[in-house]
Amino acid sequence: MLSWVLSPAASVLEVGTGTAQHAVYFTERLPGLRWQCSDLAGNLPAIQSRIDLEGGGRLPPAIELDVMGDAWPPGPFDAVYTANTLHIMPWDHTPVLLERSAGILRLGGCLVVYGPFHDRGVHTAASNEAFDRSLQARDPAMGVRDADRVRALAEQCGLWLEADLPLPANNRILLFRKPAGDPTSADPSS
Ligand SMILES: C[S@@+](CC[C@H](N)C(=O)[O-])C[C@H]1O[C@@H](n2cnc3c(N)ncnc32)[C@H](O)[C@@H]1O
């Protein structure tokens, strides 16, 4: 899936690595990727265990990164990847994630957001509606997010929706692009 988006040696920052399943999966298939895992401090030991067991020597140690904190690496990165995080984080984390991602992407880079979404307040699948209810029961700050609201916020950060890809289990990938001609880029070398 990412192979048509990323060059074989792309640098990728993953936000909210969690189980590290995505990092292991993609770097097995694209071993030249420079994939940097990150997550909240409490998740780093488990991520490191999986990297040690299944990373095949292709993944550097995960770094601590709270979306709301100041420890974002400077980049620039070719891509920022985040999976199943927007519905876990409180909604106010999403604009920060988008803004900080835009700041560390190189010109022409992309933000890849994977997960369930609804459209203009309407659920696109019964399973996502049930999932949303279970999230809200667990913590009212959680919930399936609206793809259109995410897109509108991304545009305010200079990230443009390039693709909205349906995936199994009613998940989607929202692929946002930082235009190659953005004069506010943090990457003066490009
Ligand atoms: C449902 S898990 C997804 C894990 C993994 N990406 C996956 O798809 O298997 C949500 C992840 O978001 C992370 N997360 C929650 N709040 C965060 C924050 N403020 N900053 C960074 N990561 C956060 C959690 O620690 C957790 O790893």
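Which percent, nearest 5, of DSSP beta bridges in the chain are antiparallel? Working shown, then result.
Details: 14 of 31 bridges.
Beta bridges within the chain, antiparallel portion: roughly 45 percent.
In whole Hz and in residue order, list the ³J(HN,Hα) couplings for the stretch 142-155 that follow from phi through the Karplus curve 6.51 cos²θ - 1.76 cosθ + 1.60, θ = phi - 60°; x for Gly and Pro.
8, x, 5, 8, 8, 4, 5, 5, 5, 4, 5, 5, 4, 4
Quick one: Karplus J couplings for the stretch 67-72, per residue in order, coefficients 6.51, -1.76, 1.60, θ = phi - 60°, nearest Hz, x for Gly and Pro?
Values per residue, Gly and Pro as x: 3, 8, x, 9, 8, 4 Hz.
For D146, enumerate residues with amide H under 5 Å from its amide H, sequence gap 5+ or separate chain, H modeled in the peptide plane.
Amide H neighbours of D146, under 5 Å, 5+ apart: H118.
Could you give me the ³J(HN,Hα) list for the stretch 86-92, computed from phi with Karplus coefficients 6.51, -1.76, 1.60 and θ = phi - 60°, whole Hz, x at Gly and Pro?
Coupling constants for the stretch 86-92: 4, 7, 8, 6, x, 4, 5 Hz.
Suppose every K and R has +1 on its Cβ and every D and E has -1 on its Cβ; what is the size of the dipole of the chain about the Cα centre, in Debye to the nearest 20?
Values: 15 positive and 22 negative charges, 61 e Å.
I would put it at about 300 debye.
Please list log₁₀ I(q)/I(0) at q = 0.13, 0.16, 0.18 Å⁻¹ for the chain, using the Debye equation with identical point scatterers on the alpha-carbon positions.
-0.67, -1.03, -1.30
How much of the DSSP beta bridge set in the stretch 70-173 is antiparallel, as a percent to the nearest 5? Can you show the working numbers first?
On the way: 6 of 14 bridges.
Among the beta bridges of the stretch 70-173, antiparallel pairing accounts for roughly 45 percent.
Which cross-chain or sequence-distant (5 or more) residues have an amide H under 5 Å from the amide H of Y81, H modelled 1.01 Å from N in plane?
Close amide H contacts, sequence-distant or interchain: L13, E14, V15, V112.
Throughout, read-outs are computed from the coordinates displayed, never taken from laboratory work. Computed from a predicted structure; not experimentally measured. Backbone-built Cβ (ideal geometry, glycine too); neighbour counts: all protein chains shown.
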